[in-house]
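Following: one structure in structure tokens, then a few remarks.
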Amino acid sequence: MESSVMSRKRKREKANNLEPGLQRCLQLLNHIQARQDAADFLDPVDWKNLGLVDYPSIVKYPMDLGTVEKKILDGKYKDIQAFAKDMRLIWKNTFTYNVENSDIYRTAESLRDMFDRKFEEIEKAIAIQDEEKEEPNPPKKKSKKSIEKKGEKKTERKSEKKSRTSKAEQAAWKQGCKDILNFLKAKEEAAPFLVPVDWQGEGLDDYPEIIKNPMDLGTVELRLSSGNYSNPNSFAADVKLVFSNTMHYNMDDSEYFVSAKKLDEVFDRKWKKFMKTLEDPEKMNRQKLVDLLRGIESNEKLGELVLLVQRLCPQAMDMKQGKEIIIQITKLDPKTVDRLIKEIMT
């Protein structure tokens with residue numbers, strides 16, 4: 001049990017290091033893996049035990065969903081197209097080896113069609129994101145009056161300072177939203193909410209009539225990374241929409257409803273705490289440091305951080321507890337907190 005938890009933790013860490021496009025691809029992959037009809041494609045074809053002696057001679061380049069997942073987490077794909085190529089190889093191999101209209105052939109067709117639809121959505125979203133990045137910033141207008149009049153120069157400097165503060169605040173809440181989103185995505189219950197509901201593939205013909213504004217955590221992540229949220233509350237509204245849609249469409253005792261309700265409550269607790277820290281950037285940074293420290297498993301790494309604190313901010317060290325060393329987070333100065341966060345994340 002402990003090893004499986006550790007394995008999930010390592011997967012989450014690797015997933016969070018992927019660029020947004022590949023993160024979205026991983027979410028799509030995990031969605032497919034969770035489907036019952038994908039069972040035959042989760043692992044490499046065991047052709048020896050199945051007695052398929054001609055399999056290696058017919059299928060020259062075997063591929064399966066588990067191998068794709070390992071490759072994406074290990075950073076083997078340079079872009080989303082390389083990922084898609086391997087995914088399509090799975091279906092191609094199935095069509096090559098199996099008889100047309102056989103059960104596994106038809107299943108592969110269904111999964112292929114669903115994958116192509118979802119992957120096209122990812123491509124479109126990334127294209128929009130790239131276009132927004134390429135848009136040149138409008139040239140800054142110079143004020144003649146601010147140059148000529150000393151008093152108005154001071155006003156301009158104040159405005160620039162306010163602008164820098166605003167950017168810092170924006171970066172702070174965006175990072176906080178990202179941390180909360182990653183926390184939710186790492187929950188086992190979050191699997192059904194990582195990608196848009198495939199209502200066509202699932203045969204949910206009434207879904208568009210009941211759910212007027214679909215939302216999923218993958219789309220929220222893409223919007224956040226693309227800068228589509230002007231404030232933290234708009235981010236929170238979309239996250240809440242993911243779970244409210246689920247609870248609206250599904251029966252109260254269904255697995256989807258129960259999972260959505262649980263995650264909604266988890267989000268509310270996290271969000272309430274986050275909004276309080278948002279009022280105090282230093283407090284938010286300290287909380288981030290605490291969360292990062294909890295995730296460290298290496299004693300060697302912890303030892304390095306202790307030495308760093310001892311050098312930069314010795315007043316935060318408490319060695320009154322025998323041999324045990326305690327770092328008092330509240331006594332760390334802001335610069336040391338920033339340095340520790342940087343050391344942990346690199």
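Miscellaneous remarks
- Residue list for the stretch 210-223, restricted to those being open to solvent by less than 50 Å² (accessible area, probe 1.4 Å) and under 21 Å from Asn30 (Cα atoms): Met215, Asp216, Leu217, Gly218, Thr219, Val220, Glu221, Leu222
- Enumeration of residues in the stretch 274-290 that are loosely packed, with under 13 Cβ neighbours inside 10 Å and free of Cβ contacts under 8 Å to residues at least 24 places away in the same chain: Lys276, Glu279, Asp280
- Annotation: of all residues in the stretch 332-346 being open to solvent by 100 Å² or more (accessible area, probe 1.4 Å) and closer than 19 Å to Arg294 by Cβ, the one that is modelled with the lowest pLDDT is Thr346.
- Single condition Leu308 does not satisfy, out of (1) free of Cβ contacts under 8 Å to residues at least 40 places away in the same chain; (2) within 22 Å of Asn182 (Cβ to Cβ): (2)
Per-residue answers, yes or no, for (1) open to solvent by 60 Å² or more (accessible area, probe 1.4 Å); (2) β-branched (Val, Ile, Thr); (3) modelled with pLDDT of 85 or more:
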| residue | (1), (2), (3) |
| --- | --- |
| Ile104 | no, yes, yes |
| Ala108 | no, no, yes |
| Phe119 | no, no, yes |
| Ala125 | no, no, no |
| Lys149 | yes, no, no |
| Glu160 | yes, no, no |
| Ser163 | no, no, no |
| Ala191 | no, no, yes |
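- Neighbours by Cβ (under 9 Å, 6+ apart or cross-chain): first from the stretch 21-37, among the charged types (D, E, K, R) and part of a helix (DSSP H, G or I); second surrounded by fewer than 16 Cβ atoms within 10 Å (Cβ to Cβ) and modelled with pLDDT of 90 or more: Asp37/Ser110
- Restricting the stretch 236-261 to residues that are touching a residue at least 60 places away in the same chain (Cβ under 8 Å) and under 19 Å from the mean Cα position of the chain (by Cα), the residue that is least open to solvent (accessible area, probe 1.4 Å): Ala260
- Filter result for Leu293 (assigned to a helix (DSSP H, G or I), in contact with a strand residue (DSSP E or B) (Cβ under 9 Å, 6 or more places away or on another chain) and open to solvent by 40 Å² or more (accessible area, probe 1.4 Å)): yes
The values are calculated or read from the model by the stated rules, or taken from the named source; none is laboratory data. Bear in mind that the values here come from a model prediction, so they are computed numbers and not experimental data. With ideal geometry, Cβ positions are generated from the backbone for all residues, glycine too; neighbour counts draw on all protein chains shown. To get the accessible areas, we keep the full protein, side chains included, count just its heavy atoms, and leave off ligands, DNA and RNA. Shrake-Rupley method; radii C 1.70, N 1.55, O 1.52, S 1.80 Å.
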